[in-house]
Structure formats: C-alpha cells, structure tokens
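Report on the structure given below.
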Amino acid sequence: MKKMATITMMFFLVLFLSIKLFAQLPTTNNPLYTHPVVNAELLPKFVNPLPIIERQDITAGGNITIYIGEGLHDFGLNPSVPTNTKVWGYSVDQNVFDYLGPTLVAMENKSVNVHYVNKLGYEYPLPLDNTLHWAFAEHNGMDMYNIATNGIPIVPHLHGGDVESVSDGKPEAWWTPNGTKGPDFIKDVYNYENKQDASTYWFHDHTLGLTRTNVYMGLAAFYLLRDNNELKLIRKNKIPSGTHEIEMVIQDKMFNGNGQLAIPDIPAEFVEGFRLFDQTKPSIQPEFFGEVILVNGKAWPYLEVEPVKYRFRILNGSDSRFYRMKLTSNDVQDIKWNVIGSDQGFLENVSPINELLVAPGERYDVVIDFSNPALLGKNIIITNDAPAPFPNGDDIPDPNSNGLIMQFKVKNINVVDNVQLPSDLGKPIKKLQSKIIRKLMLSEGMDQYGRMQPMLGIVDENNPNDGTLTWNDPITEYIKNNSTEIWEIYNTTEDAHPIHLHLVRFQILGRQEFEGVLLDKHNMAHDHSMVMGYKLTDIDKIDTEEEPGVYEKGWKDTGILYPEEVTRLIARFDRIGEYVWHCHILSHEDHEMMRKFVVVPT
C-alpha cells in the first residue's frame, strides 16, 4: 500500500509540474477564441522526431475489431514537457488509445470485416454548434444535451473504398456508446471487399454535422491496400519499401494555453434581417486554419534519412488548409517530388515535379531521392506557400509557422541504393468515355442566421429543384448501375473546393473558365426556416479546356475545383445503393455542402 501511495503521489507531482511548465508556453490573443491560444511562431521547430505509424497486418483477410476511444497525447509543443492533450483515436487494444490510430494494411481481393466499437465518453471536449444539421438535430427530439445521456456519436468511413452502401459510413448511420442509433444505422461491422488497385486510402469519422470536430480530435488513420503489381515492383527494387516506406498525415491545429486542442469558440456575427443567433454559444466558421503544423501528430518534426530513395504516402488530413509544398535546401536546388500515385492507385509513369499541391482529403504517393552526394549531411525542409483560403486568400503562410511542415536530415554515410525507379509503373490507365453529362454546381449562400453557407446543387432549368440544394432536399442524382457519367461541375465561389465522391474512382477530364448569372433561390433549412441560395443561368464557357496537372491524370476520388471554373469528371458507377458526394473542406461538409446520390438497378 505504501508503494502504491508513493506511485500515486509521484503521478500527481509529474502531472502538476507538466501543467505548471506547460502554462509557460507562449500564447497570443486571437479574435476567434475567447482565451489566448499558443503562439505558433515562438514554438521550437524540427526538434521532434517524426513518429512512424504502427501498422496492423490484415492482408490475410478475415475479421478485426477497431475500438474508438479517448487517450492522452504529446504533440511536442514543449519538447521538455509532455503536453498530455486529450485526444481520440482508433486502436486494436480497447484499453489504450492515442492520437490517430494504426495503419491497416490489406490485400487486394482479401475481404475484411471490421467491427467498430464506440468507447468514447459522454462529454464533448470541443465547442459544439447545435444550430447545424447534425446527428441529434432530428432524432427523436434530441438536442446537444443528449450527449451527456447517450454519448458521443461516431460513424467511420473508408475514404476511397468501393464498398457496399451499408458499410460506407453514411453520415446518418452513426451510433453512440450506449447504443443510440442514427436513422440510417444498419450495422457496426463493415465489410471491405478490397477489390481495388493498390493505393493509399484512409478511414475517418463521418458523423453528420460533427465530422470536422470528430476528425480534429484524432479520428483519422491510414488504410494501405496492396496488390500483386505493387508487390512485384517492390520485389524488383523498383520502388522503396520496408523502413523506407512511410505514411505522413499533415494537419493544422490550434491549442489553448493549457495544451488542449482548440477550435474557434466565438458566436456567429449577427446579420441584420436574419434570425438572431444565440450570442452565448459558439458557431461554426466558414473555414478553419490552424497555425501549428503537425505531421503524424507531432509539431514540425524531423526525420533522419539515409542517402537513398524513400517512399512517402502523403495525406492532407486538415479541415480547410491546402498545402503547396516544395523541398528546399540552402545547399541543393531543384529537389524533386517523384509522384508515383494519387488517390486511387499508381500513375502510368513517374512524374517528377517541383511543387506538390495537396487539398484536404487528397493523397499522393511520392518518392524522394536523397542519394545526391551534395545532400550528404544536409537538411531539407518541406515548405508551404498555399494561401488560405486557396488559391486567392489573404492569409499568406508565415515562414515561422504554417509556412513550414517538417525537415529531413540526410545522414553523411555510405549506403548502396538498390532502388531504380521504373519507366512505367505497370498499371495502364484506360480512359473512360461517356455521352451522359450531368451538370452540377457549387455555391456559397447564407443560412438562416446570415452566416456564409456553402452548398451543392444542380444546373437544370427543366428541373423544379434547379440550383442550390441542402442535405434534406430531394435527391436529384439517380444513376443507372454500370453506367459511366461525366459530371460537369461549376464552381461559382471565390475559393477552390476539394470535391469527394464516395464509392467511385474518377478521372479529371479538364477545367475551363466560365461566366454566368446567379439568380436568388430560397432553400429550406433542416429546421424548416429559409436559407439563401442561387441558380446558375446564362453560362458562357471561356477559352479552351485545360488538361489536369500531370500528377492528376491518375485515378482520383477527391479533386480540386477551382473558382469560376467548370471541372469535368468521369466515373463508372458499378454498385447499387445510396452514397454521398461533398466538399472535403470539413467545415463546409458539416454546413450543408454534402448531397446524396443513388445508384439504381438498370
């Protein structure tokens, strides 16, 4: 008993000292927060080793249980004192949770049943905006206070997965720790058939109206799918593998002065003529941009590398921030990103580029060659110069904070590099063709409180639903099974949006500038009040269509739609069921920029 008492006293002493020392972290005032937040400019950079994410092998198929729970994590804000930040994560151990979760490594055609178990608590750790259309908004009269009774709702989505509808993680298929279920809930054991090409997929939470905050707390993890072509490339030393293959998820965060995760917690601005928003409660913002950049859950880490080629699986797991990244060194110029794959598999050929643009939800498979003798003993920094919002925002990355991502330290040793990148990657990309064209639109209107509200919609003057549409509006995309369609999507907003289609992989055919006229349209909010949207008419395409970037020519499931441009995507729909498409700026997805589509029997 005396030993136990001593251990307990030591625990609380360490905890007290951690809190006391952590409180000395530099803070600054930010108008989006009611309390000071950590000053990112003054935090140390490149002192935390890059965490290497643990992998869970499920290549044999079968069954696995993934628990979803709460733990403590050190984000490395103060290298001498752990932050002990409350986080959520996925785990194969129901008693141990950390930020994010293990990488699941699966094999093509080896089906896996994943049993997801919700072990989260009954108190939400972040500010909630219950004015949104969210999980409890229309469920048996529930409101935000039901979290205290029923627990936190979750529903996982395998991003990029070609899966049955009931295993897709639909936004209203959520469930809570005590078994309260959303209106679309069918089961919590998801079947992933894995009948796809090898690529970098990921799974994350998709709960209606809570996706941005649930993911922000840590509910995101990699899902790598292997196939025989990839294994052949590895065996023949055509691509790096083993310890030279590393996943990297890039995210931006803000922290309170006590080291806990922070998101904007101020009320919405009141707009005259609209319903009065409760000025005592926090509100969703148009986008979220954090100043602290994390890679694999550490602030501005470094990675020691041998002078050989490395393969990096890069995921933008941020809410709203785009990353336009360069490899910079004071000693060597023109260090390339060798792109070998995108969201849904390998490119046909290796594509060397100087800048790598990654939008929220996108993944790129790249090889960096550190074998140049001029790099021995040198440092390489990944920098970011993407404005926020992208591409025309006024928030230019700060070279002392969000303009930096991580550092590579090249060892000064002699190592033989046996990897020789191939002339082709063994996966020819067949170009899809179709005469079926579906015209859709993106727009930014105003919700019932006068806040900016992003929406999707259709462009069809013969359809009574023409124009912007909210989540509850009638479904307009009924698609015949085994058909191929071109989606012609008009972005009428001032910003770029990463659009994600569930179920399918698509090809980007091209982008073209356009002009048009926006006419006012009234939409119905989830609470039966009115919101302001638009119809798009008198469309005039300008100049000629531009082809996608060289590294966008592979199979995609998330594509960038630039402002005042029409982007044409083509996809084959080959599985019956209900799915969704949405913007992968999570603050947009949670605020009505998401719609259902249904694949129906031919």
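If you roll a 1.4 Å probe over the heavy atoms of the protein chains, what accessible area per residue do you get for region 114-257, in Å²?
That works out to 29 Å² per residue.
Counting only the backbone N, which residues of region 337-374 are under 15 Å from the spot 7 Å out from the Cα of N414 toward its beta-carbon?
Counting only backbone N, you get 373.
For region 186-225, which whole-number percentage of the solvent-accessible area (1.4 Å probe, protein heavy atoms only) is attributable to carbon and sulfur atoms?
Here it works out to 52 percent.
Which three lengths, in whole Å and largest first, does region 102-236 cover when its Cα atoms are put on their principal axes?
Reported extents, whole Å, longest axis first: 58, 26, 23.
Can you tell me the dipole magnitude for the chain around its Cα centre, using point charges on the Cβ only (Lys, Arg +1; Asp, Glu -1), in Debye to the nearest 20?
2320
Can you give the helix-only mean residue ellipticity at 222 nm for the chain, where every DSSP H stretch with n ≥ 4 adds -39500 (n - 2.57) and the sum goes over all residues, rounded to the nearest 500 deg cm²/dmol?
-2000 deg cm²/dmol
Pull up the cross-link candidates among the aspartates and glutamates for K541, meaning alpha carbon to alpha carbon under 18 Å and not fewer than 8 places away within one chain.
Of all the aspartates and glutamates, those that pass the test against K541 - Cα under 18 Å, at least 8 places apart if same chain - are D460, E461, E488, E494, E513, E515, E564, E565.
Can you give the FRET efficiency for E306 and E564, using 1/(1 + (r/R0)^6), R0 = 41 Å, r = Cβ-Cβ distance, to the nearest 0.05?
0.35
Provide the gained length on full extension for the span V189 to V117, in nm with one decimal, where the gain is 0.36 nm per separating residue minus the Cα-Cα distance.
25.0 nm
Between K281 and T243, what length in nm is gained on full extension when 0.36 nm per residue of separation is reduced by their alpha carbon distance?
Difference between extended and current length: 8.9 nm.
Over the residues of region 452-582, compute the C-alpha Rg and express it relative to 2.2 N^0.38 Å.
Scaled against compact globular proteins, the figure is 1.08.
Using the heavy atoms of the protein chains and a 1.4 angstrom probe, tell me the accessible area per residue for region 507-600 in square angstrom.
On a per-residue basis, region 507-600 sits at 38 Å².
Can you grab the distance from the C-alpha centre of region 51-65 to the C-alpha centre of region 204-228, Å, no decimals?
About 16 Å separates the Cα centre of region 51-65 from the one of region 204-228.
Determine the per residue accessible area of region 314-414 with all protein chains present and a 1.4 angstrom probe, expressed in square angstrom.
Normalised by residue count, the accessible surface of region 314-414 is 34 Å².
Give, in nm to one decimal, the length gained when the segment between Q260 and T602 is fully stretched (0.36 nm per residue of separation minus the Cα-Cα distance).
Here the segment from Q260 to T602 would lengthen by 118.0 nm.
For the chain, just the Cα atoms, rotate onto the principal axes and tell me the three extents in Å, largest first.
69, 61, 48
Over region 426-536, with every protein chain in place, what whole percent of the accessible area is carbon and sulfur at 1.4 Å, could you tell me?
Ligands and nucleic acids excluded, carbon and sulfur reach 48 percent.
Under 16 Å Cα-Cα from K435, which lysines qualify once same-chain neighbours fewer than 8 residues away are excluded?
K480
Mind listing P(r) for region 267-419? All alpha-carbon pairs, 5 Å bins, whole percents.
Per 5 Å bin, starting at zero, the Cα-Cα P(r) for region 267-419 comes out as 2, 8, 15, 18, 16, 14, 9, 5, 4, 3, 3, 1, 1, 0, 0 percent.
The values are calculated or read from the model by the stated rules, or taken from the named source; none is laboratory data. None of the values given here were measured: they were computed from a predicted structure. Positions of Cβ are backbone-derived with ideal geometry, glycine not excepted, and every protein chain shown enters the neighbour counts. Just so you know, the surface numbers come from the protein's heavy atoms only, side chains and all, with ligands and any DNA or RNA stripped out. Shrake-Rupley method; radii C 1.70, N 1.55, O 1.52, S 1.80 Å.
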